[in-house]
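What follows is a short report on a single structure.
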Amino acid sequence: MRLLTTEEQDAVAAAIDDVVEAAGGADVAQSWAAGDLSAGLALWAQFAELGLTGLRVPETEGGFGGGLDDLVVVFERLGFHGVPGPYVETVALLPRLISEADRAALVGGAVATAAVSGLSPFAPDPDAATLRYVVDGDRIAPATLERTGQSLAPTRRLGVLAADGEARAITPDARASAEREAVLAASAVLLGAGERLLREAVQYAGVREQFGRPIGEFQALKHQLADVRVALSFARPLLWNAALTADTGTGDRDSSAAKIAASEAATRAARVALQVHGAIGYTAEHPLRIWLGLVPALSRVWGTPAQHRARVAGAILSDGSSARERA
């Protein structure tokens, strides 16, 4: 089992870094949070040219044809940079559920969003999307926006959608696979956000002083930063394992384990980063707020921690029962 990136994946990650930094880095997310979507949509168009919006669309349909390990690489970098927009829905969730014509639109750079009953009932960034869907039971339907609301993340506006058009039937397997991909993508975003928060905390701890010394020299803070590093490092192999086992009998359990670990590690990173930055971390002007809001928002969507823990527990108990029966 391979748990390391390939040279090609490293090149894709580096390309994402270069494109985001050239576009303004965190300023893109700050502008999006302020209601100006132009920079974020321009960045979306650049990613479409790179083939990222068609990452999970087959090559026979003009897409990138990437695997789930590629998905993890891409979404970790998106999380690291706090890139705004409904990438989870467009790139991970919808390709398995929509028609070939609509998949072609995604490859071409269309922005899509969706509300999914039970896991993500509010569609993110519906005002930026040209394609909107409602997924309910065994049907997916085009949708219109009824009203918008706020998210914990300043870069995510949520919308209530209403089905408006002919519904398309989807199989239980297709929906389950699409939801697993969305869970993996969200987990990768959380991991990337946690890595960014740790980097910001370490850098600021080196320049912020108390009692005439950088706070990074204090033993207690070193321990907290080390705990974050350990948590993120433990979450990463769980995420990669989930990507490699997604289509096996343990796919649901493994994706849930990855989501739990990534959420907890990113939450620890957010807490420590805020402690390191102090009051400045609360301000709207400081870019730290992008990740401080993104982490709790994504930790609660695509399955709450309680839902994922219940799934893992159910799988463990089921395996135990099967083992006893075989004995």
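The values are calculated or read from the model by the stated rules, or taken from the named source; none is laboratory data. Computed from a predicted structure; not experimentally measured. Cβ coordinates were reconstructed from backbone atoms using ideal geometry, including for glycine residues, and neighbour counts include every protein chain displayed. Accessible surface areas use protein heavy atoms only, side chains included; no ligands, DNA or RNA. Shrake-Rupley method; radii C 1.70, N 1.55, O 1.52, S 1.80 Å.
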Notebook entry, point to check: What ranking of ASP227, ASP27 comes out by heavy-atom accessible area, probe 1.4 Å, highest first?
Noted result: ASP27, ASP227
Notebook entry, point to check: So what are the radius of gyration and Dmax for the Cα set of the stretch 64-126, in Å?
Noted result: 12.0, 32
Check: Each label point is 7 Å from the Cα along the Cα-to-Cβ direction; what then is the distance between the points at SER117 and GLN275, in nm?
Finding: 4.3 nm
Notebook entry, point to check: Can you pull the percent of Cα pairs in the stretch 165-245 with separation above 22 Å?
Noted result: 48 percent
Check: With the chain treated as a Gaussian network of Cα nodes joined by springs under 10 Å, which of PRO124, PRO154, PRO237 yields the largest mean-square fluctuation?
Finding: PRO237
Next item on the list: Would you work out which of GLN275, ILE170, GLY137 lies farthest towards the positive end of the dipole of the stretch 131-280? Charges go on Cβ: Lys and Arg +1, Asp and Glu -1.
Entry: GLN275
Check: Calculated FRET efficiency, PHE211 and GLU21, Cβ-Cβ r, R0 30 Å, to nearest 0.05?
Finding: 0.25
Margin query: Multiplying the sequence separation of GLU285 and ARG147 by 0.36 nm and subtracting their Cα-Cα distance, what value in nm do you get?
Written below: 46.9 nm
Note to self: Could you tell me the relative contact order of the chain? Use alpha-carbon pairs under 8 Å, at least six residues apart, and round to a whole percent.
What the structure shows: 17 percent
Next item on the list: List the relative contact order of the stretch 191-327 as a percent without decimals, with contacts defined as Cα pairs under 8 Å and 6+ residues apart.
Entry: 30 percent
Note to self: Can you compute the charge dipole magnitude of the stretch 129-176 about its Cα centre, using +1 on each Lys and Arg Cβ and -1 on each Asp and Glu Cβ, nothing else charged? Give it in debye, rounded to the nearest 20.
What the structure shows: 260 debye
Note to self: Quick check: from the Cα gyration tensor, does the stretch 115-194 come out rounded (a/c under 1.5), prolate or oblate?
What the structure shows: oblate
Item checked: Cα principal axis extents for the chain, largest first, Å -> 66, 61, 40
Next item on the list: Using the heavy atoms of the protein chains and a 1.4 angstrom probe, tell me the accessible area per residue for the chain in square angstrom.
Entry: 44 Å²
Next item on the list: Any chance you could check the Cα centroid distance between the stretch 229-297 and the stretch 90-154 for me, in angstrom?
Entry: 23 Å
Next item on the list: Over all alpha-carbon pairs of the stretch 244-327, lay out the pair-distance distribution in 10 Å bins, whole %, shortest bin first.
Entry: 16, 34, 24, 15, 7, 3, 0
Note to self: Rounded to two decimals, what is the ratio between the C-alpha radius of gyration of the stretch 25-95 and 2.2 N^0.38 Å?
What the structure shows: 1.12
Check: So what does VAL189 come to for accessible area, using a 1.4 Å probe and Å² rounded to 10?
Finding: 10 Å²
Next item on the list: Might you work out the accessible area of HIS277 for me, using a 1.4 Å probe with all protein chains in place, and round it to the nearest 10 Å²?
Entry: 10 Å²
Check: Under a point spin-label approximation (7 Å from Cα along Cα-to-Cβ), what is the ASP319-GLN203 distance to one decimal in nm?
Finding: 4.0 nm
Next item on the list: Give the percent of DSSP beta bridges with both residues in the chain that are antiparallel, rounded to the nearest 5.
Entry: 80 percent
Next item on the list: Pull up the DSSP beta bridges for the stretch 106-151 and report the antiparallel fraction as a percent, rounded to 5.
Entry: 50 percent
Checklist line | GLU195, GLU21, GLU7, reordered so the largest accessible area comes first (probe 1.4 Å) | finding: GLU7, GLU21, GLU195
Next item on the list: At 0.36 nm per residue, minus the direct Cα-Cα distance, what do THR171 and ASP10 gain on full extension? Give it in nm, one decimal, please.
Entry: 54.5 nm
Notebook entry, point to check: Within the accessible area of the chain, what % is carbon and sulfur when the probe is 1.4 Å and the other protein chains stay in place?
Noted result: 54 percent
Note to self: I'd like the accessible area for THR267, computed on protein heavy atoms only with a 1.4 Å probe and all protein chains in place. Round to 10 Å², please.
What the structure shows: 60 Å²
Checklist line | Cα shape, the stretch 1-138, gyration tensor, a/c 1.5 rule | finding: oblate
